[in-house]
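First up is the structure itself, then whatever we jot down about it.
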Ligand code: PSV
Ligand code: MN
Ligand code: MN
C-alpha cells in the first residue's frame with residue numbers, strides 16, 4: 001500500500017506542535033469576533049467533493065497530450081487513485097462516473113472496492129457528445145436536440161441506461177451535459193432544438209427513480225461555436241422546471257462568458273430551490289479547466305459566500321448540493337492538481353463561513369457600501385489554513401497533503417506498478 005493512515009500519522013508528527021500553535025492563535029482571534037472555530041472545523045471536515053473519473057489522467061488539448069505516467073487504465077485503478085487523494089485530504093469521499101468510459105463489469109465488486117476506500121458514488125454522467133463503437137446513429141449533428149427522432153431516441157435510451165448503471169452502484173443523480181448546438185447560422189432551428197431537448201429530458205426524467213435527481217448542465221459554447229441549445233442558466237432552469245421537482249440546474253464555473261457574475265446566478269437559483277450541482281474549476285478565458293482557485297480565488301470566495309448563505313437559510317428547500325471538481329489539464333501531475341483544487345475549495349468555503357452575515361445585512365440596510373466590502377474582505381483575507389489543517393488532522397488526513405504525496409513518492413510508485421506509457425480513459 002503506497003499510503004496508509006499510519007504512514008500519514010507518522011509523517012504528521014513533526015508538524016503537530018506548529019499546527020497546535022497556529023490553530024490556537026486563530027481560534028483566539030476568531031473567538032474575539034464571536035466566531036466558533038470548532039463549528040467551522042466540523043463543517044470543513046464534513047465537506048466532501050466528488051472526483052470525476054476523467055480527471056485522473058493528464059488532460060489533453062487538440063494539440064497533444066502528455067501522459068503523466070502511471071495513469072489508471074481501469075475503473076478499479078481510478079477508484080484506487082481517488083482512494084489515495086481521499087486518504088491524504090479526507091475531502092474526496094466520492095466519485096462521479098462517466099458512462100460509457102467507466103462501465104463497471106461487476107458493480108458489486110466496484111462498490112465494495114470504493115467502500116473500502118470510503119468513497120461513495122455521486123452523480124453519473126451520460127455522454128451523447130461522442131459516438132460509441134456499437135451505436136446505430138451518429139451524434140455529429142445532435143443528440144437529444146437532433147432533428148431525427150431515431151437519434152433522439154438513441155440518446156434517450158443511453159441516458160436511461162446510465163440511470164440503470166448508477167442504480168446498481170448506489171448513485172442517486174444523473175448529470176446531463178449536452179454538446180448539442182450549431183456552428184453556423186442557418187444550421188439549426190432554435191425553437192425546434194429546444195423543444196426536442198425538453199421532450200427528451202422529460203422522457204429521461206420519467207425513468208428517474210423516486211429518490212434520484214437530474215442535473216441539467218449549461219455551457220455557452222464549445223464544441224459548437226455559433227449556438228448551444230442549453231447555453232445558460234435560464235435555459236437550464238426552463239428545462240428543469242419543464243421536467244419537474246426532481247430536476248435541477250448545474251453550475252459549472254467554466255461554463256460562463258467572461259465577467260459573468262456567477263455568484264449572482266448561484267443566489268438566484270438557490271432562492272428558487274433549483275440549484276442541484278456544482279462543478280469546480282478555474283479559467284482565464286473560457287472552459288479552461290484550470291486548477292480551482294488558481295486564477296480567480298476572490299470570485300470563488302464570493303460564490304461560496306452565496307452558497308453558504310443559501311445553505312444556512314435553507315432557501316426554498318434547495319437540496320444539499322452535489323459538489324464535483326471538473327478540471328483536468330496537461331501540465332501537472334493530475335493527483336497533485338486535484339489535491340490543490342480540493343485545498344482551494346476548502347479555503348473558499350472556510351473564508352465564506354467567517355463572513356459576519358448579520359453585520360453585512362445591517363451594512364446593506366444602512367447603505368454602508370464601504371463597510372459591506374470591509375466585512376467581506378475581512379473574511380477573505382483571513383489566513384484560514386490552520387482551520388483546514390485541523391479538519392484534516394481530526395479525520396487522520398495529512399497536515400500537508402502535497403508534501404505527503406511527494407514524500408511517499410506516489411507518482412513513481414504508480415509508474416512502477418502501471419508503467420510509464422499509460423492513458424487514462426476519458427477526456
Ligand atoms: C465539457 O465542457 C464538460 O467539461 C462538462 O463540463 C461536463 O460536465 C464534462 O465535460 C463531462 O461530461
Ligand atoms: Mn462540468
Ligand atoms: Mn466543461
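Each reported figure results from applying straightforward, stated rules to the coordinates on display, with no laboratory input. For clarity, every value in this text was computed on a predicted model and none was experimentally measured. All Cβ positions, glycine included, derive from the backbone under ideal geometry; neighbour counts span all protein chains shown.
Observations, loosely collected:
- Gain upon complete extension [residue 66, residue 238; 0.36 nm per residue less C-alpha separation]: 57.9 nm
- In terms of the mean number of neighbouring beta-carbon atoms within 10 Å, the peptides 340-353, 273-286 order highest first as 340-353, 273-286.
- Whole-Å distance, taken between Cα centres, linking the stretch 215-235 and the stretch 134-195: 13 Å
- Within the listed set 289, 180, 36, the Gaussian network model of the chain (springs between alpha-carbon atoms below 10 Å) gives the highest mean-square fluctuation for 36.
- When the chain is treated as a Gaussian network with alpha carbon springs shorter than 10 Å, the biggest mean-square fluctuation among 150, 247, 179 belongs to 150.
- A Förster distance of 25 Å, applied to the separation of the beta-carbon atoms of residue 17 and residue 120, puts the FRET efficiency at 0.10.
- Normalised contact order of the stretch 320-397, rounded percent, pairs of Cα under 8 Å and 6 or more residues apart: 29 percent
- Placing a label point 7 Å from the Cα of residue 245 along the Cα-to-Cβ line, the residues of the stretch 209-229 whose backbone N sits under 20 Å from it are 209-216.
- Beta bridge orientation in the chain: antiparallel %, DSSP, nearest 5: 15 percent
- Burial ordering of 339, 2, 99, 82, fewest other beta-carbon atoms within 10 Å first: 2, 99, 339, 82
- Using the Cβ-Cβ distance between residue 150 and residue 183 with R0 set to 30 Å, the FRET efficiency from 1/(1 + (r/R0)^6) comes to roughly 0.85.
- Sequence-separation-based contact order of the stretch 119-220, relative, with Cα cut under 8 Å and 6+ spacing, percent: 35 percent
- Per-residue [θ]222 nm for the chain (sum of -39500 (n - 2.57) over DSSP H runs n ≥ 4, rounded to 500): -15000 deg cm²/dmol
- Label-point separation, residue 7 to residue 39 (7 Å along Cα→Cβ), nm: 3.9 nm
- The relative contact order of the stretch 48-348 comes to 18 percent, based on Cα pairs under 8 Å that sit 6 or more residues apart.
- Taking the convex hull of Cα positions in the stretch 1-82, its mean projected area over all directions (nm²): 9.0 nm²
- Ranking of 87, 243, 249 by neighbouring Cβ atoms within 10 Å, starting from the fewest: 243, 87, 249.
- Extension gain from residue 32 to residue 423, taking 0.36 nm per residue of separation minus the Cα-Cα distance: 135.5 nm
- Residue 396/residue 192 FRET efficiency (R0 45 Å; Cβ-Cβ; nearest 0.05): 0.20
- The tail of the calculated P(r) for the chain, taken as Cα-Cα distances beyond 26 Å, holds 56 percent of the pairs.
- Subtracting the Cα-Cα distance of residue 383 and residue 298 from their residue separation scaled by 0.36 nm leaves 29.3 nm.
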